[in-house]
Amino acid sequence: MNLNDDFSLRIVAPAAGAPWTPSPLPGVERRMLDRLGDERARATSLVRYAPGAHFERHVHPGGEEILVLEGVFSDDSGDHPAGSYLRNPPGSAHAPYSREGCLLFVKLWQFAPDDLAPVRMDTRATPWRQGLVPGLQVMPLHEHDGVSTALVRWAPDTRFHTHAHPGGEEILVLDGVFSDEAGDYPAHTWLRSPRWSRHTPFTGPEGALIYVKVGHLGAELLAPPAVA
């Protein structure tokens, strides 16, 4: 299946706008955000594990990026509570599960061929850096060949200047309300803006915490093999 596969369009997926659909494994559901392909797909999703749900050990030929939003996600490398940022590079394998249940933001098949470093990061214990304007703090998560991923914390009533994203921009609102001239986006809203898009983001009295990826639209990434 294909979903939001036209990367020239701006996509806004409201927090409660997409249904949960079952995965092949009992107790694991997905809220699909974009997808190119069936079970072996370039995909961006929210993934929900019921308590005790688990996957059999499997390989990620195209890599897997995970941000733990709620609960505790576990695999061969340990227990990863909310706030954990994980990158399982192409060719890696694991057997994931959750004892108490969890909610994840997951991206599959979105790695450059030479991006092979695993990442295990606890964002709760990582220092913030001052952003480009007062009220903005940035926590870099990963950077490779022009593709940058970060958390950005916006204080209440913070405004950023109008700017363009030559390589596109993707945002998941984690907390608060993020806004720009096109609207207001509460927690768990997902936005994807095309290459060379422009906007003037800001926050109101709630402030916001967002996940941001830039530079990846049009980048050379691994792709799942075509199904014969």
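Below, the figures for the structure above:
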quantity	calculated
Matching residues, region 34-72, being in a strand (DSSP E or B) and over 28 Å from Ser193 (Cβ atoms)	Tyr49, His54, His58, Val59, Gly71, Val72
Boolean, Phe55 is closer than 15 Å to Thr149 by Cα and either surrounded by 15 or more Cβ atoms within 10 Å (Cβ to Cβ) or in contact with an Asp or Glu (Cβ under 7 Å, 6 or more places away or on another chain) (or both)	no
Count - residues of region 19-52 that are of a type in the set (A, V, I, L, M), surrounded by fewer than 18 Cβ atoms within 10 Å (Cβ to Cβ) and over 18 Å from Leu222 (Cα atoms)	2
Failed item, numbered, when His188 is tested on (1) under 13 Å from Phe7 (Cα atoms); (2) surrounded by 19 or more Cβ atoms within 10 Å (Cβ to Cβ)	(1)
Residue list for region 125-148, restricted to those being under 26 Å from Lys107 (Cα atoms) and in a strand (DSSP E or B)	Arg129, Leu136, Gln137, Val138, Met139, Pro140, Leu141, His142, Glu143, His144, Val147, Ser148
Selection within region 106-155 - charged (D, E, K, R) and farther than 27 Å from Gly37 by Cβ	Arg120, Asp122, Arg124, Arg129, Arg153
Listing of strands (runs of 3 or more DSSP E) fully contained in region 149-228 that carry 2 or more residues being among the aliphatic types (A, V, I, L, M)	169-180, 202-214
Selected residue (only one of Pro194, Pro127 is touching a residue at least 40 places away in the same chain (Cβ under 8 Å) and not charged (D, E, K, R))	Pro194
Some residue of region 154-172 being buried (at least 17 other Cβ atoms within 10 Å of the Cβ), of a type in the set (D, E, K, R) and touching a residue at least 60 places away in the same chain (Cβ under 8 Å)	yes
Exclusive hit being assigned by TED's automatic domain parsing to the domain that holds Gly37, more than 21 Å from Leu191 (Cα to Cα) and either modelled with pLDDT under 95 or not hydrophobic (A, V, I, L, M, F, W, C) (or both), set Gly83, Gly78	Gly78
From the options Val177, Val173, residue that is in contact with a Gly (Cβ under 9 Å, 6 or more places away or on another chain) and modelled with pLDDT of 95 or more	Val177
Pairs where the first residue, in region 1-13, is under 20 Å from Ala187 (Cα atoms) and the second is not in a strand (DSSP E or B), C-beta under 6 Å, 6+ apart	Ile11/Asn4
Any hit, region 200-213, residues being touching a Leu at 6+ places or on another chain (Cβ under 7 Å), outside the structural domain of Glu70 (by TED's automatic domain parsing) and without any contact (Cβ under 8 Å) to a residue 60 or more places away in the chain	yes
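The values are calculated or read from the model by the stated rules, or taken from the named source; none is laboratory data. If you're wondering where the values come from, they're calculated on a predicted model, not measured in any experiment. Positions of Cβ are backbone-derived with ideal geometry, glycine not excepted, and every protein chain shown enters the neighbour counts.
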